[in-house]
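The values are calculated or read from the model by the stated rules, or taken from the named source; none is laboratory data. In this text, all values refer to a predicted model and were calculated from it rather than measured experimentally. Using ideal geometry, Cβ is built from the backbone for each residue, glycine included, and neighbour counts are taken over all protein chains shown.
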Amino acid sequence: MTRCLDGGTLFKTLRPFNRSAIFLLIVLSLFIAGCGVRVANSNWPGLSASGDVAYVAFGSSVIAVDIVNEEQIWTFPAEPQPGQQFYAAPSVVEQDVVVGDYGQTGGIFSPGVKVSVFGLRQGEGSVPSVVWTSAESLIKDRIIAPPLQIGDQVFIGTADNYVYALDASNNGTLQWQFETGHSIWGQPTYEDGILYVSSLDKSIYAFDSATGDMLWESSTGGSISDKARLNSDLVYVSSFDSMIHAVDKATGDVQWTAESEAGIWGAPAFADGVVFYGDLNGNVFAVDGDSGSELWSERFASYMVAAPVVKDGVVFVSTAGLLDKEPAERVGSLIALDAETGDELWRESIPSPLFTTPVFIQDSIVIAFVFQDVLNLVVYDTVDGSDLWTYRPTSAAE
């Protein structure tokens, strides 16, 4: 039986959202890419996890929910600001949370948008404290990609093509910036002093994280809308050219590519020497991480936007609906597959398309979706798919 935690305290902060520009960008990108999938016109939440807590950016608020104790911990901001929206998943390292907003319109006398990055500190209260906020004139366009915290540095990608490095120990001041050829929608990836950034300009970049010096750029045949994945020697990126690209960490040289039937939106997953990915035609693939040779594939009618995730020999894929249905009629599924064979282990139907990549908390998998303008967090047991409990804040429309 599903147990629901009603978040009445979010009555004011999580109101019906503005079906706004983020999806206009997304639908436009799909049209340009020619992938032939019509996505429902709704925004999706940004989801991350740390310890036992799930963090969700949705509409006018960011919330923290203790999944184990089944309680909301805090909401930010305490009072929503007019026009301010959050979509990028928060970055959490211990007590420090960094979140960027989707911007507020500047008003009639200030064209454009006002975009902010907030450095928050979790404590005992119902609202985290603001430690720093980025300079008002620094970031000039919307933040879709989740931030990344590494030590005192915070890395931010923006819709106007920039990657920024900020100093969290010095009030979020700018350390360096770099302009790519198009928007950045995927969270940067870091390892051993090198920052990897994917862009809709069809390229993956490697930077010296301390200085911002570009070490190499590797191009693909299509836009890259999600983050890179790493193994010991390779960087894996998915692309709207219907391929996974594996490039050398040191040089950016392409080592192999693996094909799919359609564009690949979500980042690939990597576990135990195998790369897993799903495409917009509803196919899921497993390929050898060293060579790209196919190990297995499975076809589902539902297209896939969220990235697959892997835990304990199981691949979890999130689907966004049947392609032969109108967007408003599409429903999603969370499907568990045997990582070695691709055999289906269990499946749960979701009343709305799943666009957000799930997260793991202990032995549970957490999904986030929007149904009838209300945020839902649903927690499943990873072993058998049993529905453990649901968090559903009250909508101001009710």
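Worth pointing out:
- Residues in the stretch 162-204 that are within 21 Å of Lys249 (Cα to Cα) and in contact (Cβ under 8 Å) with a residue 60 or more places away in the chain: Gly186, Gln187, Leu200.
- Out of Gly332, Gly278, Gly313, Gly282, sole residue that is under 23 Å from Gly186 (Cβ atoms) and at pLDDT 95 or above: Gly278
- Here Thr158 clears all of (1) in contact with a Gly (Cβ under 9 Å, 6 or more places away or on another chain); (2) surrounded by fewer than 22 Cβ atoms within 10 Å (Cβ to Cβ) except the condition numbered (2).
- Of the residues making up the stretch 104-155, those that are of a type in the set (Phe, Trp, Tyr), modelled with pLDDT of 90 or more and over 22 Å from the mean Cα position of the chain (by Cα) number 1.
- Unmet criterion (only one of (1) surrounded by 21 or more Cβ atoms within 10 Å (Cβ to Cβ); (2) over 17 Å from the mean Cα position of the chain (by Cα); (3) not hydrophobic (A, V, I, L, M, F, W, C)) for Asp290: (1)
- Selection of first residues in the stretch 80-98 that are more than 20 Å from Ala307 (Cα to Cα) and of second residues that are among the β-branched types (Val, Ile, Thr) and outside any strand (DSSP E or B), restricted to Cβ pairs under 7 Å at least 6 apart or on distinct chains, gives the following pairs, ordered by first then second residue: Pro80/Thr13.
Condition check ((1) closer than 19 Å to Tyr55 by Cα; (2) of a type in the set (D, E, K, R); (3) surrounded by 17 or more Cβ atoms within 10 Å (Cβ to Cβ)) across all residues:
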position: Ala320; (1), (2), (3): no, no, yes
position: Asp324; (1), (2), (3): no, yes, no
position: Ala328; (1), (2), (3): no, no, no
position: Glu340; (1), (2), (3): no, yes, no
position: Phe355; (1), (2), (3): yes, no, yes
position: Ala368; (1), (2), (3): yes, no, yes
position: Tyr380; (1), (2), (3): yes, no, yes
position: Asp384; (1), (2), (3): no, yes, no
position: Tyr391; (1), (2), (3): yes, no, yes
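- Residues of the stretch 278-299 satisfying the condition of being in contact with a Ser or Thr (Cβ under 8 Å, 6 or more places away or on another chain), part of a loop (DSSP other than H, G, I, E, B) and not polar (S, T, N, Q): Asp279, Gly282, Gly292
- Check on Ala89, closer than 23 Å to Ile367 by Cα, aliphatic (A, V, I, L, M) and in contact with a Ser or Thr (Cβ under 6 Å, 6 or more places away or on another chain): yes
- Residue match in the stretch 168-187 (condition: crowded, with 18+ Cβ neighbours inside 10 Å, closer than 22 Å to Ala88 by Cα and touching a His at 6+ places or on another chain (Cβ under 6 Å)): no
- Restricting the stretch 191-221 to residues that are closer than 13 Å to Gly157 by Cβ and among the aromatic types (Phe, Trp, Tyr), the residue that is surrounded by the fewest Cβ atoms within 10 Å (Cβ to Cβ) is Tyr205.
- Selected residue [polar (S, T, N, Q), surrounded by 24 or more Cβ atoms within 10 Å (Cβ to Cβ) and touching a residue at least 40 places away in the same chain (Cβ under 8 Å)] from Ser239, Ser297, Ser225: Ser225
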